[in-house]
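Down below is the structure, laid out as structure tokens.
The values are calculated or read from the model by the stated rules, or taken from the named source; none is laboratory data. Quick caveat: nothing in here was measured; it's all calculated off a predicted structure. Ideal geometry is used to build each Cβ from the backbone, glycine not excepted, and the neighbour counts take in all protein chains shown.
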Amino acid sequence: MPRGQHGSSIKDDKTYDALRDEGASKEKAARIANASARDGKKAVGRRGGKAGDYEDWTVDKLRERAAEIGIDGRSGMRKGELIKALRNH
């Protein structure tokens with residue numbers, strides 16, 4: 001899809017494009033772009049970072065969280081792969 005033409009579901013095309021260029025998934029980029037359009041970028045920035053470090057979680061808990069958000073292939077992933085998938089989703 002051409003840059004800036006993501007349809008009416010994306011409320012902040014510039015933020016969406018920047019996040020996609022950084023490697024964020026379509027879902028994550030849309031979620032952040034729409035939140036920043038709704039609440040303002042400062043509010044969205046202050047909101048992040050409340051979860052604990054994934055490194056402190058067990059593999060079972062990481063797989064459970066990956067299942068909640070729909071990460072495919074999680075059952076065969078090692079701890080490092082799960083953490084990377086969760087951070088980049």
- Message: Can you tell me which of (1) in a helix (DSSP H, G or I); (2) farther than 21 Å from S8 by Cα is the one D72 doesn't meet?
- Response: (1)
- Applying the selection to region 36-71, what residues are surrounded by 10 or more Cβ atoms within 10 Å (Cβ to Cβ) and at pLDDT 90 or above? W57, V59, K61, L62, R63, E64, R65, A66, A67, I71
